[in-house]
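Student: Starting off with a structure, shown below.
The values are calculated or read from the model by the stated rules, or taken from the named source; none is laboratory data. It should be emphasised that the depicted structure is a prediction, and the values quoted were computed from it without experimental measurement. Ideal geometry is used to build each Cβ from the backbone, glycine not excepted, and the neighbour counts take in all protein chains shown.
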Amino acid sequence: MWRELAVIGREDSTGGYRRHAWTPADADCRDWFRAQALARGLDHRVDRNGNQWAWLGDPAEGDAVVTGSHLDSVPDGGAFDGPLGVVSAFAALDQLRDRQARFTRPVGLVNFGDEEGARFGLACVGSRLAAGRLGREQAFALRDQDGIALPTAMERAGYDPEAIGADPELLGRIGAFVELHIEQGRALALPESGGARVGLASAIWPHGRWRFDFRGEANHAGTTRLADRRDPMLSYAETVLAARREAELAGAVATFGKIAVEPNGVNAIPSLVRGWLDSRAADQRTLDTVVTGIQEAAEQYATRHGIRLDVVRESFTPVVEFGDALREELARILGDRGEPVPVLGTGAGHDAGILSESVPTAMLFVRNPTGVSHSPAEWAEEDDCLAGVAALADVLEGLACA
Ligand code: GLV
Ligand code: MN
Ligand code: MN
Ligand code: MN
């Protein structure tokens, strides 16, 4: 199962994955999900927002237990971020069937659409739409780098975008959602975690994305005296340094990982440098302080170089505190296995965070020896992945079986 998926959307030159929403690679991932569902006799459905579901039992009965994650990736992403949760969901269900578990609640497996937001700039589009946290109009306005609108991309991939929007009926049928995910840090690999292969999530840091547009004047790189230039790249570069400084001061993180330059010529001073800031902190106040600090610094640099600066907040996700009740239940189920189950916070965003406002939600993290993620070097040991599957099977059994 893992091997079939592992070849989809893989870039030979980097070893990373490019499975962006509503592209052919994404379609191949979806075909894989559908085939896995049908091979197990599960009822395969695609919801109005393009999220994919595989049901055991009838979700209309309600109080369903759902597990899964996403199959899309960041540019040159790793093999595990997302797919580990989906593959583990199928594998855990297989284990339960092998144990001849008696299901008392419907069980759903899910592949949420466009979790990473790599193509349209907004993360967790599928779950946000379902939860009513992304309006139809906003969704219709999302465009990719080539100017293709989200509904057009969905339509080209064979989905009808007319239906997109909040789906309270679907979410109302879910009694618990558990997302298994590779840890995107090294907390479980540290000695303090006592060798635990699997942990539980406590919270997701508040995080957001801001677009900084520095506009100057394009001119000849050979003939324009330095004193005569209005070069937005300078203000941008200084802003990157300021972001690092502000984040360090506050104990937060701030990243400029994507830029667009116009006209993007080696021998031309840029007219526009557009940089996207991703910033996250343990609490809202700290995050506000960091982003305000970066913005104020950018404004000063821009003024000094005669540059116009516009800053737009493109997305924001407030802090998520996963509910105690479900986490404690999972801790009890997993604690019975005699291994420590550390509880960790994370700076990474997840569909589980979006759903947690509407549905009791918990997350399981699988140990990541290096902590590297959003990179082709992302890795988890096979034994740890199997421990994750076993933990998820126990959780599903504890929640959904007699
Ligand atoms: C998604 O994985 C994010 O946290 O950016
Ligand atoms: Mn990710
Ligand atoms: Mn992920
Ligand atoms: Mn994510």
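Student: Exactly one of (1) out of contact with any Phe, Trp or Tyr (no Cβ under 8 Å at 6 or more places or on another chain); (2) part of a helix (DSSP H, G or I); (3) touching a residue at least 24 places away in the same chain (Cβ under 8 Å) is unmet by Thr303. Its number?
Tutor: Of everything listed in (1) out of contact with any Phe, Trp or Tyr (no Cβ under 8 Å at 6 or more places or on another chain); (2) part of a helix (DSSP H, G or I); (3) touching a residue at least 24 places away in the same chain (Cβ under 8 Å), Thr303 misses just condition (3).
Student: Consider Phe120 against the criteria (1) crowded, with 21+ Cβ neighbours inside 10 Å; (2) away from ligand 1 (no atom under 14 Å from the Cβ); (3) more than 24 Å from Ala377 (Cβ to Cβ): it satisfies all of them except one. Which criterion is unmet?
Tutor: (2)
Student: Which one of His207, His181 is in contact with a His (Cβ under 8 Å, 6 or more places away or on another chain), within 16 Å of ligand 4 (Cβ to nearest atom) and not β-branched (Val, Ile, Thr)?
Tutor: From the options His207, His181, the qualifying one is His181.
Student: Ok, one more. Among the residues in region 228-237, are any over 28 Å from His374 (Cβ atoms), surrounded by fewer than 19 Cβ atoms within 10 Å (Cβ to Cβ) and out of contact with any Gly (no Cβ under 8 Å at 6 or more places or on another chain)?
Tutor: Scanning region 228-237, I find at least one residue that is over 28 Å from His374 (Cβ atoms), surrounded by fewer than 19 Cβ atoms within 10 Å (Cβ to Cβ) and out of contact with any Gly (no Cβ under 8 Å at 6 or more places or on another chain), so the answer is yes.
Student: Out of Arg225, Arg211, I need the residue that is at pLDDT 95 or above, of a type outside the set (Val, Ile, Thr), under 22 Å from the mean Cα position of the chain (by Cα) and surrounded by fewer than 18 Cβ atoms within 10 Å (Cβ to Cβ). Which one?
Tutor: Checking each option against the conditions leaves just Arg211.
Student: Next up: Scan region 224-245 and report the pairs whose first residue is in the same structural domain as Gly257 (by TED's automatic domain parsing) and whose second residue is in a helix (DSSP H, G or I) and hydrophobic (A, V, I, L, M, F, W, C), with Cβ atoms within less than 6 Å and a gap of 6+ or a chain change.
Tutor: Cβ pairs passing all conditions: Ser235/Ala302; Thr239/Ala298; Ala242/Ile294; Ala242/Ala297; Ala243/Ile294.
Student: Among the residues of region 342-374, write down those that are away from ligand 3 (no atom under 16 Å from the Cβ) and in contact with a strand residue (DSSP E or B) (Cβ under 6 Å, 6 or more places away or on another chain). It would help to see each step written out before you state the result.
Tutor: So in region 342-374, the residues away from ligand 3 (no atom under 16 Å from the Cβ) come out as 342-343, 357-360, 369-370.
Hits for region 342-374 are Pro342, Val343, Val359, Pro360.
Student: Going through region 137-173 one residue at a time, which ones are β-branched (Val, Ile, Thr) and within 16 Å of Ala27 (Cβ to Cβ)?
Tutor: Listed by number, the residues that qualify are Ile148, Thr152.
Student: Next question, about the same structure. Just for helices (runs of 4 or more DSSP H) wholly inside region 315-402: which have at least 3 residues that are more than 21 Å from the chain's Cα centre (by Cα) and surrounded by 21 or more Cβ atoms within 10 Å (Cβ to Cβ)?
Tutor: Correct list: 324-335, 382-400.
A quick yes/no check of all residues on (1) buried (at least 22 other Cβ atoms within 10 Å of the Cβ); (2) among the acidic types (Asp, Glu); (3) within 13 Å of ligand 3 (Cβ to nearest atom):
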| residue | (1), (2), (3) |
| --- | --- |
| Ser69 | yes, no, yes |
| Ser73 | yes, no, yes |
| Asp76 | no, yes, no |
| Leu96 | no, no, no |
| Pro106 | yes, no, no |
| Phe112 | yes, no, yes |
| Ala130 | yes, no, no |
| Arg133 | no, no, no |
| Ala141 | no, no, no |
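Student: Inside region 348-392, can you point out the residues that are among the aliphatic types (A, V, I, L, M) and farther than 28 Å from Pro191 by Cβ?
Tutor: Ile354, Leu355, Val359
Student: Counting just the residues of region 143-157 that are in contact (Cβ under 8 Å) with a residue 12 or more places away in the chain and among the small types (Gly, Ala, Ser), which one comes out surrounded by the fewest Cβ atoms within 10 Å (Cβ to Cβ)?
Tutor: Ala157
Student: Which residue, of Ile164, Ile182, is more than 16 Å from ligand 3 (Cβ to nearest atom) and at pLDDT 95 or above?
Tutor: None of the other options fit; the residue is Ile164.
Student: Please identify the pairs in which a residue from region 192-209 that is on the phi < 0 side of the Ramachandran plot has its Cβ atom under 7 Å from the Cβ atom of a residue that is assigned to a strand (DSSP E or B) and of a type in the set (Phe, Trp, Tyr), counting only partners at least 6 apart or on another chain.
Tutor: So the pair list comes out as Val198/Phe365; Gly199/Phe365; Ala201/Phe365; Gly208/Phe316; Arg209/Trp276.
Student: Tell me yes or no: at least one residue of region 280-296 is outside any loop (DSSP other than H, G, I, E, B), surrounded by 18 or more Cβ atoms within 10 Å (Cβ to Cβ) and within 16 Å of ligand 2 (Cβ to nearest atom).
Tutor: yes
Student: Within region 295-313, does at least one residue satisfy the condition of being touching a Pro at 6+ places or on another chain (Cβ under 7 Å) and of a type in the set (Ser, Thr, Tyr)?
Tutor: No, region 295-313 contains no residue that is touching a Pro at 6+ places or on another chain (Cβ under 7 Å) and of a type in the set (Ser, Thr, Tyr).
Student: Now for a different question. Can you tell me how many residues in region 320-361 are of a type in the set (A, V, I, L, M) and either away from ligand 4 (no atom under 16 Å from the Cβ) or free of Cβ contacts under 8 Å to residues at least 40 places away in the same chain (or both)?
Tutor: 9
Student: For region 145-152, does any single residue satisfy the condition of being modelled with pLDDT under 95 and away from ligand 3 (no atom under 16 Å from the Cβ)?
Tutor: Initially, region 145-152 is screened for residues modelled with pLDDT under 95, giving 145.
Restricting the remaining residues to those that are away from ligand 3 (no atom under 16 Å from the Cβ) gives 145.
Scanning region 145-152 turns up at least one residue that is modelled with pLDDT under 95 and away from ligand 3 (no atom under 16 Å from the Cβ).
Student: Please pick out the residue among Ile182, Ile164 that is outside the structural domain of Glu296 (by TED's automatic domain parsing), over 30 Å from Asp336 (Cβ atoms) and buried (at least 18 other Cβ atoms within 10 Å of the Cβ). Don't jump to the end; show me each part of the working.
Tutor: Values: Ile182 fails: over 30 Å from Asp336 (Cβ atoms).
Being outside the structural domain of Glu296 (by TED's automatic domain parsing), over 30 Å from Asp336 (Cβ atoms) and buried (at least 18 other Cβ atoms within 10 Å of the Cβ) holds for just one of Ile182, Ile164, which is Ile164.
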